[in-house]
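In what follows, a structure is listed as structure tokens, so that the remarks can point back to it.
The values are calculated or read from the model by the stated rules, or taken from the named source; none is laboratory data. Predicted, not measured: the structure shown is a model, and the values here were computed from it. Neighbour counts are summed over all protein chains in view; Cβ atoms, including those assigned to glycine, are modelled from backbone coordinates with ideal geometry.
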Amino acid sequence: MAKKSASKAKAPTREEVQKKLKARDGVGKRALITGITGQDGSYLAEFLISKGYEVHGIVRRSSSFNTGRIDHIYLDPHVKGGKLKLHYGDLCDSNVLGKLMRTVHPQEVYNLGAQSHVRVSFDMPVFTADIVAMGALKLLEAIREYQTETGKQVRYYQASSSEQYGKVLEVPQKETTPFYPRSPYACAKVMAHWATVNYRESYNMHASCGILFNHESPRRGETFVTRKITRAVGRIKMGLQDKVFLGNLDSKRDWGFAGDYVKMMWMMLQQDEADDYVVATGRTITVRKFAEMAFEHAGLNFKKYVEFDPRYLRPAEVDLLLGDPAKAKKKLGWVPETSVEELAAMMVEHDLELARREKTLRDAGHKLPDSSGHDQ
Ligand SMILES: NC(=O)c1ccc[n+]([C@@H]2O[C@H](COP(=O)([O-])OP(=O)(O)OC[C@H]3O[C@@H](n4cnc5c(N)ncnc54)[C@H](OP(=O)(O)O)[C@@H]3O)[C@@H](O)[C@H]2O)c1
């Protein structure tokens, strides 16, 4: 008993943890990011570069440009001093993953790559599982082999998801809440999550899962519901679109800002011990409420413009996601800095500006693509 309280007394204070994090800044470090062209990958790359890291990202070969979210931090390889290096690769190709480990020599690996759209995962379950579940396993294996060959330790971050809680068994959801996945995406994420825990326990790897609740930003893909709403607000306000079709307006989500959440990914990898953390705001609102806030921000009444379309319903729904970020706050001192109101306003402002540009083009006689029929 006495021993227990003595070890308790030694637990670092939040100030001590913060000081340590500062001291571990990233000058001289290399990070490898899968999914760098996505929303989170772009914010994480910016954040790590600002800390002095050399950032390496895996980019899929595509017939059209897919680096729009990171173009602003990419320097042509002929220019000296670039901190972002891109490599072709894919989570389904274990050869490339192994080769990149041996050539990049990263100290930290962030696995953000995924077919990340829940509704789409019902249409493409096998592909989703290949990338999300098997991709994570292939990457973990590449890291394990690299560690065995070189004797170097690599820290690994797995992008777990609140979708893993699915038909929730507890409200709010915390690290100890059992998973009940309700989509091919969530099933695959559960597999990747447990593979990460298993590699930590089996091979003593520094591997951590961040169980992130929904997080959005002006860089969110336009087929995700928040962005679909804010894009519609901008376009309706500018007279470019009449209405927006949505699925289940009663789904409740715990929404935060992606820029706040990537910080937590990094913080997790700076700890001496790998561990799993829920990353959330601790507040949940319905899709309806988000839409109402977004339309109101532009001076519009959402009831006039939002229509229901059952095509956007999922075969199995996840009704109430609400995360408890107490562990992240207590152990790492992490707190989300952006409220959902600020988030909605930020996204609407961004999309009003985009729509303004579209309108300018249209008024000048250019043809615009119709962006009103996206999936939710
Ligand atoms: N945003 C959220 O609310 C949330 C919540 C919990 C967990 N997560 C997870 O966190 C991660 C980042 O989320 P996000 O919102 O940034 O997702 P996102 O914007 O959809 O980005 C996904 C990234 O994965 C890449 N990717 C797709 N298939 C790949 C493959 N076969 N091999 C390598 N890369 C591949 C995409 O490349 P392209 O650009 O070429 O398509 C993109 O860079 C994902 O794993 C997601 O499932 C997200």
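When 341, 337 are checked against the criterion of being more than 17 Å from the chain's Cα centre (by Cα) and closer than 23 Å to residue 212 by Cα, 341 stands alone in meeting it.
Cβ-Cβ distance below 9 Å, separation of 6 or more or different chains: which pairs start in segment 303-314 with a residue that is in contact (Cβ under 8 Å) with a residue 40 or more places away in the chain and over 11 Å from residue 244 (Cα atoms) and end on one that is of a type in the set (Phe, Trp, Tyr) and assigned to a strand (DSSP E or B)? Between residues of segment 303-314 that are in contact (Cβ under 8 Å) with a residue 40 or more places away in the chain and over 11 Å from residue 244 (Cα atoms) and residues that are of a type in the set (Phe, Trp, Tyr) and assigned to a strand (DSSP E or B), the close pairs are 311/245; 312/245. Report whether or not residue 323 is modelled with pLDDT of 95 or more and not polar (S, T, N, Q). Here the answer is yes, as residue 323 does meet what is asked. The residue that is farthest from the ligand (Cβ to nearest atom), among those in segment 157-187 that are in contact (Cβ under 8 Å) with a residue 60 or more places away in the chain and within 30 Å of residue 29 (Cβ to Cβ), is 175. Listed conditions (1) touching a Lys or Arg at 6+ places or on another chain (Cβ under 7 Å); (2) more than 19 Å from residue 321 (Cα to Cα); (3) not acidic (Asp, Glu) are all met by residue 227, apart from (2). The helices (runs of 4 or more DSSP H) located wholly in segment 247-334 that include 2 or more residues which are closer than 24 Å to residue 158 by Cβ and either touching a Leu at 6+ places or on another chain (Cβ under 7 Å) or not small (Gly, Ala, Ser) (or both) occupy 258-269, 326-332. Highlighted here are the strands (runs of 3 or more DSSP E) found entirely within segment 39-149 that include at least 3 residues which are near the ligand (Cβ under 9 Å from one of its atoms): 54-59. Among the conditions (1) surrounded by fewer than 18 Cβ atoms within 10 Å (Cβ to Cβ); (2) of a type outside the set (Asp, Glu); (3) in contact (Cβ under 8 Å) with a residue 12 or more places away in the chain, residue 80 misses just one, which is (3).
Looking across segment 205-215, the residues that are near the ligand (Cβ under 7 Å from one of its atoms) and either over 30 Å from residue 152 (Cα atoms) or part of a loop (DSSP other than H, G, I, E, B) (or both) come down to 213, 214, 215. Of the residues making up segment 312-332, those that are over 20 Å from the mean Cα position of the chain (by Cα) and more than 25 Å from residue 225 (Cβ to Cβ) number 2. Of all residues in segment 216-240, those that are away from the ligand (no atom under 11 Å from the Cβ) and either basic (Lys, Arg) or more than 20 Å from the chain's Cα centre (by Cα) (or both) total 11. With respect to the conditions (1) within 18 Å of the chain's Cα centre (by Cα); (2) surrounded by fewer than 22 Cβ atoms within 10 Å (Cβ to Cβ); (3) among the basic types (Lys, Arg), residue 189 lacks only one, and its number is (2).
Here residue 41 meets each of (1) within 24 Å of residue 161 (Cβ to Cβ); (2) touching a helix residue (DSSP H, G or I) at 6+ places or on another chain (Cβ under 8 Å) with one exception, condition (2).
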